[in-house]
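> Can you read through this structure? Questions will come right after.
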Amino acid sequence: MRVAYLTSRYPAVSHTFVLREVEALRREGVEVHTFSVRRADEREVLSAADRREFETTTAILPVSPLRVLGAHGRALAASPAAYLRTLWRAVRLSPGGLRGLVWQLFYFAEALLLQAELAAAGVRHVHVHFANVSADVAMLATGFGRLADGDPRWGWSFTMHGPTEFYDVAAHRLPAKAADARLVVCISDFARSQLMGMLPEAQWAKLRIVHCGVDPSQFAPAARQDGGEPLAVLCVGRLVPVKGQAVLLDAVGRLAERGVPVHATFVGDGPSRPDLERIARERGLPVTFAGAVGQDEIRRHYGAADVFCLPSFAEGVPVVLMEAMAMTLPVVTTRIAGIPELVADGVGGLLVAPGDAGALADALARLAGDPALRRALGDAGRAAVEAGYDIGRIGPQLRAELAAYVV
């Protein structure tokens, strides 16, 4: 089986789960060609695996105007009807307004560049992560290929993560994309249920649940000291408002006021970093901002922590939680979307309401005073990851799903 993977930027430190999935499919004998709408920023290519993928991934952009004109000229000459029908389809998919129309024309231009690359490589099916620009480009590219060649093998599929697409269903044209795709891989029951509400019952069968995953052998449990102080809290993720890092800073301040020794480390970077650093500085909070790190280094941070905390307001099923749980870190996170499918409250971790700094502080204080509970939650968390989120099992499952829907 031969497929293409397309994302907006690949590889990227925040999308390591895509790389793991590609590697898992290749181990199952699938020939995977990787494409990126825009060339990845080399500052995001932090690990050895990232660098290998960066060298072999085809980027559509940046591109010279002459190359765009050449690709479109050849497509128009080869099949004027397919070219015009695909252009009209791109226009009809516009969410409205001049800006929306212009972006759709960009997607059309990129789609024919992608289609030419796919045709040259002998690839007819494209899989994308997220129902964003990459989904628009894949839908138009494979649609043109099907019209121009009359080849039914041209098709596409996508992985539904959420929550971004669920915030503005109309702008993402989510029902239209889900209806057009041959297969929609949903990472959680929650994600699948949201799409079920947008599609007729006859199309529910193609909404298949396949979890994201990690390799538990790569995240072996670390030896930890039960009596150490302060409590070492780790938070990994992009520094953006929706991740709720400001709530964790508030909780750290509350713990300090109670006399609970604590130190929080934030791994990641993003637009919120200056504000978060200012809050920490003004309140004199015991925190460290470590910046973005690659997979080669992240395990050291997990190994040095006592507790992992992800106070997000919106998530799919965070892979960083899987990584932390695989390393037997007890987790404190929010009761939202697909997270309770991974973290059973009081079993594999503690769940709190999003945005509630008091509840977050209480949960961390409870773990600070109970090393036995930390061990029990950590052990149960690793067992949950091994049972349902092991990439070694997910690779064959995903291959089977693709094989059932790829013509």
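> Please give the number of the condition R124 fails out of (1) surrounded by fewer than 21 Cβ atoms within 10 Å (Cβ to Cβ); (2) in contact with a helix residue (DSSP H, G or I) (Cβ under 8 Å, 6 or more places away or on another chain); (3) at pLDDT 95 or above.
With (1) surrounded by fewer than 21 Cβ atoms within 10 Å (Cβ to Cβ); (2) in contact with a helix residue (DSSP H, G or I) (Cβ under 8 Å, 6 or more places away or on another chain); (3) at pLDDT 95 or above applied to R124, the lone miss is (1).
> Still on this model: Within region 365-392, how many residues turn out to be within 13 Å of M322 (Cβ to Cβ), of a type outside the set (G, A, S) and open to solvent by 30 Å² or more (accessible area, probe 1.4 Å)?
3
> I'd like to check something: does region 226-247 contain any residue that is touching a residue at least 60 places away in the same chain (Cβ under 8 Å), loosely packed, with under 15 Cβ neighbours inside 10 Å, part of a loop (DSSP other than H, G, I, E, B) and in contact with a Lys or Arg (Cβ under 8 Å, 6 or more places away or on another chain)?
yes
> Something else now. Looking at this structure, is L255 touching a strand residue (DSSP E or B) at 6+ places or on another chain (Cβ under 9 Å), modelled with pLDDT of 95 or more, over 16 Å from F289 (Cβ atoms) and of a type outside the set (S, T, N, Q)?
On the way: touching a strand residue (DSSP E or B) at 6+ places or on another chain (Cβ under 9 Å): yes; modelled with pLDDT of 95 or more: yes; over 16 Å from F289 (Cβ atoms): yes; of a type outside the set (S, T, N, Q): yes.
Judged against the criteria, L255 is a match.
> Here's a check for you: in region 266-303, which residue that is in a loop (DSSP other than H, G, I, E, B) and open to solvent by 40 Å² or more (accessible area, probe 1.4 Å) is farthest from P11 (Cα to Cα)? Talk me through it step by step, then tell me what you get.
If we filter region 266-303 for residues that are in a loop (DSSP other than H, G, I, E, B), which is where we start, we get 269-272, 284-286, 292-294.
Filter once more, so that each one left must be open to solvent by 40 Å² or more (accessible area, probe 1.4 Å): 269, 271, 284, 286, 292.
On the way: D269: 16, P271: 20, G284: 37, P286: 33, A292: 14 Å.
Checking each candidate, the answer is G284.
> Among the residues of region 346-364, write down those that are among the charged types (D, E, K, R) and either touching a residue at least 12 places away in the same chain (Cβ under 8 Å) or open to solvent by less than 40 Å² (accessible area, probe 1.4 Å) (or both). Steps first, please.
First, pick out the residues of region 346-364 that are among the charged types (D, E, K, R): 356, 362.
Residue satisfying the conditions is D356 alone.
> Right, another one. Picking from L310, L342, L321, which residue would you name as being open to solvent by less than 20 Å² (accessible area, probe 1.4 Å) and within 25 Å of A256 (Cβ to Cβ)? Before you say what the answer is, go through the steps one by one.
Values: L342 fails: within 25 Å of A256 (Cβ to Cβ); L321 fails: within 25 Å of A256 (Cβ to Cβ).
It is L310.
Here is a yes/no grid of residues against (1) among the basic types (K, R); (2) part of a strand (DSSP E or B); (3) open to solvent by 10 Å² or more (accessible area, probe 1.4 Å):
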| position | (1), (2), (3) |
| --- | --- |
| D136 | no, no, no |
| L140 | no, no, no |
| G143 | no, no, no |
| R146 | yes, no, yes |
| F158 | no, yes, no |
| A170 | no, no, yes |
| K177 | yes, no, no |
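> Kindly indicate whether R52 is among the basic types (K, R) and either over 28 Å from H172 (Cα atoms) or part of a helix (DSSP H, G or I) (or both). Step through it out loud before you land on a result.
Values: among the basic types (K, R): yes; either over 28 Å from H172 (Cα atoms) or part of a helix (DSSP H, G or I) (or both): yes.
Yes.
> Since R74 meets every condition but one in (1) outside any strand (DSSP E or B); (2) in contact (Cβ under 8 Å) with a residue 40 or more places away in the chain; (3) in contact with a strand residue (DSSP E or B) (Cβ under 9 Å, 6 or more places away or on another chain), which condition does it not meet?
(3)
> When region 179-192 is examined, which residues are found to be open to solvent by 10 Å² or more (accessible area, probe 1.4 Å), without any contact (Cβ under 8 Å) to a residue 40 or more places away in the chain and closer than 19 Å to G388 by Cα?
Taking region 179-192 and keeping what is open to solvent by 10 Å² or more (accessible area, probe 1.4 Å), we get 179-180, 182, 189-190, 192.
When the remaining residues are screened for being without any contact (Cβ under 8 Å) to a residue 40 or more places away in the chain, the result is 179, 192.
The one that is open to solvent by 10 Å² or more (accessible area, probe 1.4 Å), without any contact (Cβ under 8 Å) to a residue 40 or more places away in the chain and closer than 19 Å to G388 by Cα: R192.
> Testing A24 on (1) without any contact (Cβ under 8 Å) to a residue 60 or more places away in the chain; (2) over 27 Å from W88 (Cβ atoms); (3) of a type outside the set (D, E), one condition comes back false. Which one is that?
Against the list (1) without any contact (Cβ under 8 Å) to a residue 60 or more places away in the chain; (2) over 27 Å from W88 (Cβ atoms); (3) of a type outside the set (D, E), A24 comes up short only on (1).
> Inspect all residues belonging to region 10-19 and state whether any of them is closer than 16 Å to H127 by Cβ, part of a helix (DSSP H, G or I) and of a type in the set (F, W, Y). Steps first, answer last, please.
Quick first cut of region 10-19, residues closer than 16 Å to H127 by Cβ only: 10-11, 15, 17-19.
Filter once more, keeping what is part of a helix (DSSP H, G or I): 15, 17-19.
Among the residues that remain, those that are also of a type in the set (F, W, Y) are: 17.
Among the residues of region 10-19, at least one is closer than 16 Å to H127 by Cβ, part of a helix (DSSP H, G or I) and of a type in the set (F, W, Y), which makes the answer yes.
> Within region 105-114, is there a residue that is out of contact with any Pro (no Cβ under 7 Å at 6 or more places or on another chain), closer than 16 Å to F158 by Cβ and modelled with pLDDT under 95?
No: region 105-114 contains no residue that is out of contact with any Pro (no Cβ under 7 Å at 6 or more places or on another chain), closer than 16 Å to F158 by Cβ and modelled with pLDDT under 95.
> Would you please list the contacts, defined by Cβ atoms under 8 Å and residues six or more apart or on different chains, that run from a residue in region 156-172 that is on the phi > 0 side of the Ramachandran plot to a residue that is open to solvent by 40 Å² or more (accessible area, probe 1.4 Å)?
Correct list of pairs: G162/F190; G162/Q194.
> Would you point out the residue of region 51-95, among those that are in contact with a Ser or Thr (Cβ under 8 Å, 6 or more places away or on another chain) and either closer than 19 Å to V137 by Cβ or of a type in the set (D, E, K, R) (or both), that is most open to solvent (accessible area, probe 1.4 Å)? Explain how you work it out, then say what you get.
First, pick out the residues of region 51-95 that are in contact with a Ser or Thr (Cβ under 8 Å, 6 or more places away or on another chain): 53, 56-60.
Then keep just the ones that are either closer than 19 Å to V137 by Cβ or of a type in the set (D, E, K, R) (or both); that gives 53, 57-60.
Details: E53: 15, T57: 17, T58: 48, A59: 13, I60: 9 Å².
Step by step, filter region 51-95, then rank; the result is T58.
The values are calculated or read from the model by the stated rules, or taken from the named source; none is laboratory data. All values derive from a computational prediction rather than experimental measurement. FYI the Cβ positions are ideal-geometry reconstructions off the backbone, even for glycines, and counts take in every protein chain you see. We work out accessible area using only protein heavy atoms, side chains counted, and drop any ligands, DNA or RNA first. Shrake-Rupley method; radii C 1.70, N 1.55, O 1.52, S 1.80 Å.
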